Structures are given as structure tokens and as C-alpha cells.
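The values are calculated or read from the model by the stated rules, or taken from the named source; none is laboratory data. Bear in mind that the values here come from a model prediction, so they are computed numbers and not experimental data. Neighbour counts are summed over all protein chains in view; Cβ atoms, including those assigned to glycine, are modelled from backbone coordinates with ideal geometry.
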Protein chains: 2
Amino acid sequence: MRSVNLKRSICPITNLLDIVGDKWTLIVIRDLFLGKRRYAEFINSKEKIPTNILADRLTRIEEFDLVTKIPYQTNPLRFEYSLTEKGKALEPVLNEMAKWGLRHVKGTKLFPKVLPET
Amino acid sequence: MRSVNLKRSICPITNLLDIVGDKWTLIVIRDLFLGKRRYAEFINSKEKIPTNILADRLTRIEEFDLVTKIPYQTNPLRFEYSLTEKGKALEPVLNEMAKWGLRHVKGTKLFPKVLPET
């Protein structure tokens, strides 16, 4: 497991940002909270994450123990991702972000939960 | 005033990230919550924000109405920055980030409040 090593400072906010502080990671984590689990589901989100960025971010958050993956298909091998306890603990952060956005950015609306594919 | 125009999606989290979703902006906003107001104070933070990035981020968050600036000195002209109501409304987001970091990144500690310079 990878750790952030307090490289910029010992501030807890800084260290969270060193893991998820970019324009894409928290969008993938939002998708996981919405119920998405598969590569194709993340790719299909409205924000149109580029596939190379998605692959990079999934690997990265797995290294930081925010998600785990399990295979759901072989040949070709495909994985489903789900949040770990450490990942799920980001829920209050995302909830407060959503509240702020709904209040301060006109026209925003929460996305609906997604039912799992089988 | 600048607006984000829902350019990636209508998701409130995405739109918050389009304003503050990088490795530096929320660190400057954290500093403002700690009581820092002046350019030199932001520069002196442990994270060592590069001056060009600081200048860019302060301009950007002013355009998005998260901070206002007032001159405290002329010749050379210098400004003090402070959070607007919209900026102050990010406090629960930062609080939840700090809680997560304290819990999940070993060795993190909150920075103390800063007394204003006169």
C-alpha cells in the first residue's frame, strides 16, 4: 500500500489533496458512491473521463487503499471496483461538496443512484 | 464575476471541483480560514506554494467570488484577502477533509490559527 508520506506538510487537508486533489479522482469516487463499479460505467459518465486518466486514477486510488477490485469476467479479464472503508469514509466530504455546489452553482442537480449491472 | 457554466456536467461536486479542484486552491482557502490574509503569509506556509501559482489562484478565486481583496498599503500597492460568504461556506468541506486526513493519514496534525499582522 502506498502512503503520502506527509511530503508537502503535516496538514490533514493537504494530505487528502495529495491523494484525491485533482479534477477527476473525486468524480470517480462519486461514481462509486452512486453505485458504479465497472470501467464502462465510469467512462459513460457525463464528465467523459479520458480512458488513460481513468486507468491511472483507479490504479492510484487502489494503491492508496480507497478501492479494491475483484474480477467479474475472464478472457478478457475485467474487474469491478468498490470502495474500502477508507474510501467510504470520504462520504461526508462529498456530501458537503454537493451541498456547497447545489447552493452556490446555479443549475446543479444531484445524479441519481445507479442500479448494479448483472 | 466568473461562473463555471456547468461545463463538464450538472453535478454539484464536479462544479465545485472545477473551481477549487486542484492541489493548491484549497490550501490557500485553508490558510484564509486559519487567519492568513497577506501574500507573504500564504507564501510562508509549509507547502511552499510557488508565487506564480499563488497569484493565479488568488485571482481565480476572486473571480469566482470566494475572496475579496482590500488594499492595506500603497506604493507599492498591497492587498489583504478575505473570504466572502460563498468562500466561508466551504468550511464544512474543509472540516470533513481535515477529519478524514487526521483519521486516515498517520502523522497529520491541524495547523494553529494565525493572529493577524498589523
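Can you list the helices (runs of 4 or more DSSP H) lying wholly within region B:1-54 that have 1 or more residues being polar (S, T, N, Q)? I'd like the intermediate steps shown before the answer.
Numbers: elements: B:12-20, B:25-34, B:39-43.
Of the helices (runs of 4 or more DSSP H) lying wholly inside region B:1-54, those with at least 1 residues that are polar (S, T, N, Q) span B:12-20, B:25-34.
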- Of all residues in region A:72-118, how many are touching a residue at least 40 places away in the same chain (Cβ under 8 Å) and of a type outside the set (K, R)? 17
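In the set A:R57, A:R8, A:R37, which member is in contact with a Pro (Cβ under 7 Å, 6 or more places away or on another chain), among the charged types (D, E, K, R) and surrounded by 15 or more Cβ atoms within 10 Å (Cβ to Cβ)?
Working: A:R57 fails: in contact with a Pro (Cβ under 7 Å, 6 or more places away or on another chain); A:R8 fails: in contact with a Pro (Cβ under 7 Å, 6 or more places away or on another chain).
None of the others qualify; the one that does is A:R37.
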- Message: I'm trying to understand the selection: among the residues of region B:4-30, which are more than 7 Å from chain A (Cβ to nearest Cβ) and in contact (Cβ under 8 Å) with a residue 24 or more places away in the chain?
- Response: B:I19, B:V20, B:W24, B:T25, B:V28, B:I29
- Task: Of the numbered conditions (1) on the phi > 0 side of the Ramachandran plot; (2) in contact with a Leu (Cβ under 7 Å, 6 or more places away or on another chain); (3) charged (D, E, K, R), B:R30 fails exactly one; give the number of that condition.
- Result: (1)
- Query: Considering only region B:83-109, how many residues are surrounded by 14 or more Cβ atoms within 10 Å (Cβ to Cβ) and either away from every other protein chain (no Cβ under 13 Å) or outside any helix (DSSP H, G or I) (or both)?
  - Reply: 6
- Query: Taking the condition within 29 Å of B:L94 (Cβ to Cβ), at pLDDT 95 or above, of a type in the set (S, T, N, Q) and under 12 Å from the mean Cα position of the chain (by Cα), does A:T84 pass?
  - Reply: yes
- Does region A:45-56 include one or more residues that are out of contact with any helix residue (DSSP H, G or I) (no Cβ under 9 Å at 6 or more places or on another chain), at pLDDT below 95 and over 28 Å from B:L66 (Cα atoms)? no
